[in-house]
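Take a look at the structure below.
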Amino acid sequence: MKSTEQMLRNPDIAPSSDVIAKALGEANNAYIKFINEIASHDIQIDWRYYNDGKAWLAKGLFKWRGVRGGQNETTIFWLSIWDGFFKVTIYIPEKARAEVLSLPLDSEVKLMISDSQQMGKLKYFPIVFDLCSDEIFEAVFLLADFRKSIK
């Protein structure tokens, strides 16, 4: 069973590759593979310490130029480090639920999407992946690419 302890809670210790490797243990290889793969999807990682959650979180950002040449960015996912695994949370607009369910995803991921509840007044629902291996990376990257298409 996975531990439920979120790591990277000290605001003075930035999430370097060594700090992350120590927290993830055996899951670090999957994390490195994930970070290398997201670069090919034009997603950049931005680590920040958030006082409300008292932990370091990474935003997966997709940046593009608008029609008038301005720089735009969208948060594709949130990433957090836990004891032995990392979480990737993708927020999908409620109005796109049917469209995301039509993607070529396996039944387990579609069930996660169907069961996910809208967050309060926000018009988004979260899809949360607990990752310690690269088994479901394909689904995560398919959803990330889908999220990039929503402006």
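The numbers here are math on the coordinates, done by the rules we state, and not lab data. What you see is a predicted model, and the numbers here were worked out from it, not measured in a lab. Virtual Cβ from ideal backbone geometry, glycine too; neighbours counted across all protein chains shown.
For the pair residue 118 and residue 64, how long in nm is the line joining their label points, each one 7 Å along Cα→Cβ?
Here the modelled spin labels are 2.5 nm apart.
If I stretch the segment between residue 45 and residue 5 completely, what's the gain in nm (0.36 nm per residue apart, minus their alpha carbon distance), one decimal?
Full extension of this stretch gives 12.2 nm more.
Can you check how the C-alpha radius of gyration of the range 9-151 compares to 2.2 N^0.38 Å, as a plain ratio?
That ratio works out to 1.07.
If each Cα of the range 1-59 is one equal point scatterer, what is log10 of I(q)/I(0) from the Debye formula at q = 0.17, 0.18, 0.21, 0.26 Å⁻¹?
Each listed q maps to, in turn, -0.64, -0.72, -0.94, -1.21.
Divide by every residue of the chain the summed helix terms, -39500 (n - 2.57) for each DSSP H run of at least 4, and state the resulting mean residue ellipticity at 222 nm, rounded to the nearest 500 deg cm²/dmol.
Only helices count here, giving -9000 deg cm²/dmol.
Could you work out how much longer the chain between residue 32 and residue 133 gets when fully extended? Use 0.36 nm per residue separation minus the Cα distance between them, nm to one decimal.
35.3 nm
Quick test of the membrane-span-like rule: which DSSP H helices of the chain reach at least 15 Å along their long axis (C-alpha atoms) with mean Kyte hydropathy at least 0.0?
Counting only whole DSSP H runs, the qualifying helices are 28-39, 137-149.
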